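Have a look at the structure below before the remarks.
The values are calculated or read from the model by the stated rules, or taken from the named source; none is laboratory data. A quick note: this is a predicted structure, and the numbers were derived from the prediction, not measured. Note: ideal-geometry Cβ built from the backbone for every residue, glycine included; neighbour counts use all protein chains shown. These area figures cover heavy atoms from the full protein model, side chains too; ligands, DNA and RNA do not enter into them. Shrake-Rupley method; radii C 1.70, N 1.55, O 1.52, S 1.80 Å.
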Amino acid sequence: MNEIRVFCPATIANISCGFDVLGLALDAVGDEMVVRKSREKGIVITKLEGQDLPMETHKNVAGVAGMALLEQTDYTGGFEIEIYKKIKAGSGIGSSAASSAGAVWAMNELLGKPFDALQLVAFAMEGERLASGVAHADNVAPALYGGFTLVRSYEPLDIVPIPAPSKLYATVIHPQIEVRTADSRKILKTNITLQDGIRQWGNVGGLVAALFTDDYALLGRSLEDHIVEPIRSILIPGFADIKSGALKAGALGSGISGSGPSIFALSKGLEIAQNVGEQMKKTYRDIGVDYDVHVSKINHEGIKLLD
Ligand code: HSE
């Protein structure tokens, strides 16, 4: 096998209460990449369609993540990468993660799978470091594992895959503005109160328990964020209206997707998730904001091979 085409899912990081530790993979939206072995050592991005992003290896997240993997092998050749972006950069649904994770996953396949998923997460995190200044794993982990993931620890890296209830759907609305993760991290406070910590880790535990037991009501109660959302929501047009509209339309909960500006809601069943999408669209139409909407099942397998 010398060449493969892969689907790299979009992801929702943080999931309200789990800043930098929780994430989930989406099914209905993602990038495509073609990765092929080449004789020449190193990585060359030969095509990049859909977004205006740098193609130089050391400036491209797929190139940087791929080089992190390549440096750990004794493979003497290299790789060519074609990237077909469907996920908009700066939209908050893991655009850089899809490229970083997709590159290392595909290269690992072509090399006969010398690395496990945890090692691939570590390589892909180097792409995130380039994109945002911080090697966070809460987008690349769900992209590689599928479903929900918890980063239990960064040092040492410890990823816990979490199953997703079968009727769980995500609705995501992307107001057509770009928020760079690096910028939306700079506005965060670096200290939290003990009281906020108690609420936040209570919710993380509740959310994880809910996912393991298919307890949709507990899942909804756990989608709370008293630390990051109050600060970042200021950057997102109509955030409070979108969120309250989503809850009125039947969503279990709603919050900022990753570092924003996308807003997500989780719902039990496709019909409610679609109604939530309609309500979100109406809210943005009323206040005159352009948008994209995605309604998606949770992706259980992560990155996958395409024919
Ligand atoms: N946890 C990261 C952040 C996710 O919120 O900055 C970015 O997609």
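Scanning region 279-307 for residues that are part of a loop (DSSP other than H, G, I, E, B) and open to solvent by 50 Å² or more (accessible area, probe 1.4 Å) yields GLY288, ASP290, HIS300, GLU301, ASP307. It is to be established whether one or more residues within region 29-51 are within 16 Å of the ligand (Cβ to nearest atom) and assigned to a helix (DSSP H, G or I). No, region 29-51 contains no residue that is within 16 Å of the ligand (Cβ to nearest atom) and assigned to a helix (DSSP H, G or I). Of the residues screened, SER262 is one that is modelled with pLDDT of 95 or more, within 16 Å of the ligand (Cβ to nearest atom) and open to solvent by less than 30 Å² (accessible area, probe 1.4 Å). Select, from GLY18, GLY23, the only residue that is under 20 Å from the mean Cα position of the chain (by Cα) and in a strand (DSSP E or B). Going through GLY18, GLY23 in turn, just one is under 20 Å from the mean Cα position of the chain (by Cα) and in a strand (DSSP E or B): GLY23.
Taking the criterion of being in contact with an Asp or Glu (Cβ under 9 Å, 6 or more places away or on another chain) and open to solvent by less than 10 Å² (accessible area, probe 1.4 Å), the residues of region 30-42 that qualify are MET33, VAL34, VAL35. VAL276: over 28 Å from VAL121 (Cα atoms), outside the structural domain of SER96 (by TED's automatic domain parsing) and either in contact with a Ser or Thr (Cβ under 7 Å, 6 or more places away or on another chain) or part of a helix (DSSP H, G or I) (or both), yes or no? For VAL276, the condition - over 28 Å from VAL121 (Cα atoms), outside the structural domain of SER96 (by TED's automatic domain parsing) and either in contact with a Ser or Thr (Cβ under 7 Å, 6 or more places away or on another chain) or part of a helix (DSSP H, G or I) (or both) - is met.
Restricting LEU26, LEU22 to residues that are within 16 Å of the ligand (Cβ to nearest atom), out of contact with any helix residue (DSSP H, G or I) (no Cβ under 8 Å at 6 or more places or on another chain) and either open to solvent by 20 Å² or more (accessible area, probe 1.4 Å) or under 30 Å from GLY255 (Cβ atoms) (or both) narrows the list to LEU26.
One line per residue, one yes/no per condition, for (1) touching a residue at least 40 places away in the same chain (Cβ under 8 Å); (2) in the same structural domain as SER233 (by TED's automatic domain parsing); (3) surrounded by fewer than 24 Cβ atoms within 10 Å (Cβ to Cβ):
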{"site": "GLN51", "(1), (2), (3)": "yes, no, yes"}
{"site": "GLU56", "(1), (2), (3)": "no, no, yes"}
{"site": "LEU69", "(1), (2), (3)": "yes, no, no"}
{"site": "THR76", "(1), (2), (3)": "no, no, yes"}
{"site": "GLY94", "(1), (2), (3)": "yes, no, no"}
{"site": "SER99", "(1), (2), (3)": "yes, no, no"}
{"site": "ALA117", "(1), (2), (3)": "yes, no, yes"}
